[in-house]
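Here's the structure, in structure tokens; my notes come after.
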Amino acid sequence: MLKKIVILLSLFVLLAAGIQQTKTEAAAAGDQATWLWNPWMIVNDEAGTLAFLESKQLNKVYVQIDRNIPAGVYRSFIQKAAAKGMRIYALDGAPSWVAPKGYTSQNQLMNWLGQYQSGSTADQKFAGVHLDVEPYLYSGWTSNQAGTIKSYQALLQRAKTSTASLKLPLEVDMPFWFDEIRYKNTYGAGMLAEWVTANTNSVTIMAYRDDASFIIDVVKNEIALAGKYGKAIVVAVETGETGEGDSISFFEEGDAFMQQELTKVQSYYTNTPGFNGTAVHHVGSWMTMNP
């Protein structure tokens with residue numbers, strides 16, 4: 001009888017240790033994020049959208065701001081998402097934002113956000129701002145790259161000022177190859193990836209490849225920079241069908257394989273200063289991809 005009790009106690013201790021390890025690993029995972037580009041999903045099926053996000057064990061969602069959607073819809077969604085452990089970031093941006101006068105679109109976002117936050121309770125407020133501008137898709141990147149880069153930097157400086165006044169962190173999406181882009185202007189001289197990292201709270205790297213070893217390699221410089229500046233890097237992958245080649249997205253391989261590769265990336269960089277989790281682009285294509 002005593003032997004059985006000892007065995008049971010040993011099993012209990014091992015089980016408790018396993019649970020604690022799982023909790024520790026989850027805590028170390030950092031952000032588990034995604035983009036929700038179609039906010040009408042929460043108008044038409046809030047419960048279904050939340051159920052999907054919860055099923056993927058996400059703790060952060062970048063939600064597109066559409067000013068045609070009543071603020072009450074966002075408030076309801078954020079409140080329910082918060083109850084499930086998710087932080088919601090206000091998402092917006094377009095290549096045209098770096099055009100002359102393009103900053104007015106960003107100003108409209110910040111003005112809307114200021115009014116929204118002031119009219120919301122603590123559990124209805126956005127947790128931050130997430131910008132997806134992609135200046136290299138603007139025509140000026142080809143005709144006047146130096147000028148477009150400077151415009152992009154000016155835009156992020158304005159965003160930094162606006163988000164600071166709102167007491168919200170600023171995040172941006174950035175391609176993994178910005179560590180190959182140089183700038184020299186009134187903002188100084190150096191590597192664009194370093195400047196963006198230093199001037200935002202967190203960067204989500206669009207490491208759009210379908211192989212963990214490649215992903216690990218292409219983000220190493222950015223993670224090192226984030227560690228240097230005490231900032232956070234989130235490593236993102238693609239799920240949508242693309243005409244850029246089979247190696248860009250996990251569309252062909254499916255969700256299970258993607259999760260396997262993301263786990264490898266997570267394991268490799270866990271406890272590395274600057275690394276703060278992974279993200280999947282995006283809800284719409286993720287929902288319909290192969291298992």
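How much accessible area per residue does region 42-176 have, counting only protein heavy atoms and a probe of 1.4 Å, in square angstrom?
Spelled out: the 1.4 Å probe surface of region 42-176, per residue, equals 42 Å².
Choose one of Q266, A127, F214: the residue whose Cα lies farthest towards the positive end of the charge dipole of the chain (beta-carbon charges +1 Lys, Arg; -1 Asp, Glu; about the Cα centre).
So the residue we want is A127.
How much of the accessible area of region 25-117, probe 1.4 Å, is carbon plus sulfur, in whole percent?
Roughly 49 percent of what the probe reaches on region 25-117 is carbon or sulfur.
Rounded to the nearest 20 debye, what is the charge dipole size of region 106-169 about its Cα centre when +1 sits on each Lys and Arg Cβ and -1 on each Asp and Glu Cβ? Before the final figure, lay out each step's value.
Details: 5 positive and 3 negative charges, 47 e Å.
In total the dipole reaches around 220 debye.
Give me the percent of accessible area attributable to carbon and sulfur for region 126-200, probe 1.4 angstrom. Mind dumping the intermediate values first?
Values: 1590 of 3100 Å².
Within region 126-200, the accessible surface is 51 percent carbon and sulfur.
Which of these, T163, T186, T148, has the largest mean-square fluctuation under a Gaussian network model of the chain (Cα springs below 10 Å)?
Answer for the Gaussian network model of the chain: T186.
Using a Förster distance of 41 angstrom, determine the FRET efficiency expected from the C-beta separation of Y187 and D45, and round it to 0.05.
In this case the efficiency is close to 0.40.
When the dipole is taken about the Cα centre of the chain, and only Lys, Arg (+1) and Asp, Glu (-1) are charged at their Cβ, what size is it in debye, to the nearest 20? Show your work: numbers first, answer last.
Working: 23 positive and 27 negative charges, 282 e Å.
Using Cβ point charges on Lys, Arg, Asp and Glu, the chain gives about 1360 debye.
The values are calculated or read from the model by the stated rules, or taken from the named source; none is laboratory data. Every value quoted in this text rests on a predicted model; they were computed, and no experiment measured them. Quick reminder, even Gly has a Cβ in these numbers, built from the backbone with ideal geometry, and neighbours come from all protein chains shown. Side chains included, ligands, DNA and RNA excluded: accessible areas come from the protein's heavy atoms. Shrake-Rupley method; radii C 1.70, N 1.55, O 1.52, S 1.80 Å.
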